[in-house]
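Dropping a structure here in C-alpha cells format, bear with me for questions.
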Amino acid sequence: MGSSKDIAIGPVAVVSLLLGSLLQKEADHDKDREEYLRLAFTATFFAGITQAALGFLRLGFLIDFLSHAAIVGFMGGAAVTIALQQLKYVLGIRSFTKETDIVSVMESVWGSVRHGWNWQTVAIAFTFLAFLLLAKYIGKRNKKYFWVPAIAPVTSVILATLFVYLFRADKQGVQIVNKIKKGVNPSSVHKIYFTGPFVAKGFKIGAVCGMIGLTEAVAIGRTFAAMKDYQLDGNKEMVALGTMNIVGSMTSCYIATGSFSRSAVNFMAGCRTPVSNVVMSTVVLLTLLLITPLFKYTPNAILGSIIISAVIGLVDYEAAILIWKVDKMDFVACMGAFFGVVFKSVEIGLLIAVSISFAKILVQVTRPRTVLLGNLPGTTIYRNTEQYPHARHVPGVVIVRVDSAIYFSNSNYVRERILRWLTDEEDRVSAEGLPRISFLVVEMSPVIDIDTSGIHALEDLYKNLQKRGIQLLLSNPGSAVIEKLQSSKLTEHIGNGHIFLTVADAVRFCTSKSMQEP
C-alpha cells in the first residue's frame, strides 16, 4: 500500500522503549500481565487509526519539513546508534543498557570490559564482519560479482550456526538465539479496549507512539528513496503504516514501523520493490511454522555483525562535506540531527533538525534578500552589483530589488533595508562629487505577494522619500501585487505614471526627467 520500495517493517527500539515506558505508567506487566497486553494492543490500534487518519486527510506534506540535510544527519546518527546497539551482541555482553545514546552505551561497554566480554563471541563477530565487508568491497569493485554481497549474510548465518553447533561454543559463553516457539500469534480482537477508562489511555499512548513511528518510517523511506532517486508519497505511507498497525493490533502485535537496521539490510541485499517485504514475511512465517529449531544455535554475534556491516554505508560523510560547502545553515541542521540522535535519541534528533529547518525558514521570511542593481554596459539589463562588479550605477538613480513577498513579518525590515541602501548610496555620491540621488526604483518582479502591512511599509517609504526630495518608482509588480496596490489607492499616491514594466523603462523616465531639470 505504501510507495517506498526499500523500507522494511517491524518493531524498532525507539518505539518499543517508548511504548514500554508509557504502558508501564498505566499498568504493571508483572502484576497484571493481561491488562498490560490489552493496553498494548489498544495503543497499537489507535496508533494505526492516527496514522491512517493523517494519510486520509492528505497531511503527507508534513514530511517535507524534513530537509535533505536533516535526513543525511538523521541517517548517519541512526546508523551510528544502531551499530553501537549491536556491541552487546558483538562483544557478548549480557548486562547492557536499554538507553540508545552513545554515552550510556559506551559506559555500559567499558563497565563490562573486565568481566562481561566473551572472546569467542568477539572472534566470531569480527571474523564474519570482516567477511561481510570484504563481500561488499568485491561487489562494489566488480559489478559482475553483485551476488557476492547479496548471499553473504545468509552464508554467514549458516556458517556461524554450524560452527557453534559443532564446537558447542554456547557452552563457552557464546550467546545463541535458543529455542524459538513455533506457530503464529492468535487473534487479539477481543482484547482491544473499545470502552471504559483504558480507551483514553490507549489512545494517548497510541497517538504519541504512532506519530514517532510515522516520523521515523517516513524519514527512513525518504532516505532510501533519495538514494535510489524516486519519489515518496507521504500520504500513502501514512495510510499503509496505519492499516498495518490496525491489522497488527488484532493479531497480537504491538506498534511496528520502518526499521533502519532491517531496511539497511534489505537495501544492501539488493531489494528493488516492496515484494521484498512479502518475501521476508513469507520466509518468517515458514520459519515460525517449520524450521525454528534450526536457529537454536545461531549466535547473536552474527546478527549484530550483519547489521553493523549494513549500516556502515549509511554514514554519508561526503554528503555532509558538500552540505557544508553549499549551505552552512543546512549543515547545522544536518549536524543537529546527527548529534541529537547519537547523544540523545531518534526523536530528539528529528526534533532538532525540524526546529533548525523551521528557524531557517523564519530567518529567510523575516530577513529577505534585497540587492542593489546596476546596468550591464551596452545593454538594457540590470543585475546585482555584487554578482556583477562591472555593472554600472546610474547617475542620480538607486535601483533596489526585493527578492521576496512582502508580509507583516518582513515589511519593516524591507523598508529599513531599502532606506539603508539609499543612505549608503547618498554617502557614496556625496564623497565622489556625483549628482545627488533624485530617484529610487524598486524592482518588484520577485515580489509574488504583498499584504496590508507590506502596503503600509511602501506608503511609509514613499512619505519618507518625499521629505528627502526623492521620487519613488516601481518596476514590474506582479498581477496579485498591483491589484492590491490599486485597491489600497497606493498607486494613486505614487502616481500611475511612476509604475513601469521594466527597470530600463523606469531608468529612461528618470534620465528624461533629469535632462528636463534646469
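The values are calculated or read from the model by the stated rules, or taken from the named source; none is laboratory data. Predicted, not measured: the structure shown is a model, and the values here were computed from it. Every residue, glycine among them, receives a Cβ derived from its backbone with ideal geometry; neighbour counts consider all protein chains shown. For accessibility, only protein heavy atoms count, side chains too; no ligands or nucleic acids. Shrake-Rupley method; radii C 1.70, N 1.55, O 1.52, S 1.80 Å.
(1) more than 17 Å from the chain's Cα centre (by Cα); (2) modelled with pLDDT under 80; (3) buried (at least 22 other Cβ atoms within 10 Å of the Cβ): which one isn't true of Gly313, the others all being true?
(3)
How many residues does the range 374-401 contain that are farther than 17 Å from Thr423 by Cβ, of a type outside the set (Lys, Arg) and buried (at least 18 other Cβ atoms within 10 Å of the Cβ)?
Final tally of qualifying residues: 5.
Further question on the same structure: Would you say Lys179 is free of Cβ contacts under 8 Å to residues at least 24 places away in the same chain, of a type outside the set (Val, Ile, Thr) and over 21 Å from Ile306 (Cβ atoms)?
Details: free of Cβ contacts under 8 Å to residues at least 24 places away in the same chain: no; of a type outside the set (Val, Ile, Thr): yes; over 21 Å from Ile306 (Cβ atoms): yes.
Here the answer is no, as Lys179 does not meet what is asked.
Next question. So how many residues does the range 382-415 have that are part of a loop (DSSP other than H, G, I, E, B), at negative phi, in contact (Cβ under 8 Å) with a residue 24 or more places away in the chain and more than 36 Å from the chain's Cα centre (by Cα)?
Of the residues in the range 382-415, 3 are part of a loop (DSSP other than H, G, I, E, B), at negative phi, in contact (Cβ under 8 Å) with a residue 24 or more places away in the chain and more than 36 Å from the chain's Cα centre (by Cα).
While we're here: Being without any contact (Cβ under 8 Å) to a residue 60 or more places away in the chain and in contact with a helix residue (DSSP H, G or I) (Cβ under 9 Å, 6 or more places away or on another chain) is the filter; apply it to the range 497-508 and report the residue that is farthest from Val398 (Cα to Cα).
Per the criteria, the residue is Gly497.
Name the residue that is surrounded by the most Cβ atoms within 10 Å (Cβ to Cβ), counting only residues in the range 226-273 that are on the phi > 0 side of the Ramachandran plot and touching a helix residue (DSSP H, G or I) at 6+ places or on another chain (Cβ under 8 Å).
Checked the range 226-273; the qualifying residue surrounded by the most Cβ atoms within 10 Å (Cβ to Cβ) is Ser252.
For the structure I just gave you, tell me whether Leu132 is modelled with pLDDT of 85 or more, under 24 Å from Ile307 (Cα atoms) and either in a helix (DSSP H, G or I) or out of contact with any Ser or Thr (no Cβ under 7 Å at 6 or more places or on another chain) (or both). Spell out how you get there, then give the answer.
Working: modelled with pLDDT of 85 or more: yes; under 24 Å from Ile307 (Cα atoms): yes; either in a helix (DSSP H, G or I) or out of contact with any Ser or Thr (no Cβ under 7 Å at 6 or more places or on another chain) (or both): yes.
The answer is yes for Leu132.
Moving to a separate point now. Does the range 333-348 include one or more residues that are of a type outside the set (A, V, I, L, M, F, W, C) and within 24 Å of Gln387 (Cα to Cα)? Full working, then the answer.
From the range 333-348, those of a type outside the set (A, V, I, L, M, F, W, C) are 336, 340, 344-345, 347; that's our starting set.
Then drop every residue that is not within 24 Å of Gln387 (Cα to Cα), which leaves none.
No, the range 333-348 contains no residue that is of a type outside the set (A, V, I, L, M, F, W, C) and within 24 Å of Gln387 (Cα to Cα).
If I ask for residues that are of a type in the set (Ser, Thr, Tyr) and either exposed (fewer than 15 other Cβ atoms within 10 Å of the Cβ) or touching a strand residue (DSSP E or B) at 6+ places or on another chain (Cβ under 9 Å) (or both), which ones from the range 178-213 would you list? Quick ask: steps written out before the conclusion?
Within the range 178-213, the first condition is being of a type in the set (Ser, Thr, Tyr), and the residues that meet it are 187-188, 193, 195.
Scanning the range 178-213 gives Ser187, Thr195.
What number of residues within the range 354-384 are closer than 24 Å to Gly478 by Cβ and either touching a Gly at 6+ places or on another chain (Cβ under 8 Å) or polar (S, T, N, Q) (or both)?
Within the range 354-384, residues that are closer than 24 Å to Gly478 by Cβ and either touching a Gly at 6+ places or on another chain (Cβ under 8 Å) or polar (S, T, N, Q) (or both) number 9.
From (1) of a type in the set (A, V, I, L, M, F, W, C); (2) under 17 Å from Ala301 (Cβ atoms); (3) open to solvent by less than 30 Å² (accessible area, probe 1.4 Å), pick out the condition that doesn't hold for Ala43.
Result: Ala43 fails condition (2) only.
Within the range 422-446, work out how many residues are within 23 Å of Thr491 (Cβ to Cβ), open to solvent by 10 Å² or more (accessible area, probe 1.4 Å) and of a type outside the set (Ser, Thr, Tyr).
The qualifying residues number 3.
Okay, residues lined up against (1) modelled with pLDDT of 90 or more; (2) farther than 17 Å from Arg369 by Cα; (3) in contact with a Leu (Cβ under 7 Å, 6 or more places away or on another chain):
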{"position": "Ile406", "(1), (2), (3)": "yes, no, no"}
{"position": "Glu425", "(1), (2), (3)": "yes, yes, no"}
{"position": "Val441", "(1), (2), (3)": "yes, no, yes"}
{"position": "Thr452", "(1), (2), (3)": "yes, yes, no"}
{"position": "Leu474", "(1), (2), (3)": "yes, yes, no"}
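Return yes or no: is Lys513 open to solvent by 50 Å² or more (accessible area, probe 1.4 Å) and without any contact (Cβ under 8 Å) to a residue 60 or more places away in the chain?
Taking the combined requirement at face value, the residue does not satisfy it.
Can you name every residue in the range 100-129 that is of a type in the set (Phe, Trp, Tyr) and outside any helix (DSSP H, G or I)?
Correct list: Trp117 only.
Please state which one of Ile356, Ile307, Ile323 is under 30 Å from Met211 (Cα atoms), assigned to a helix (DSSP H, G or I) and at pLDDT 90 or above.
Only one candidate passes the filter, namely Ile323.
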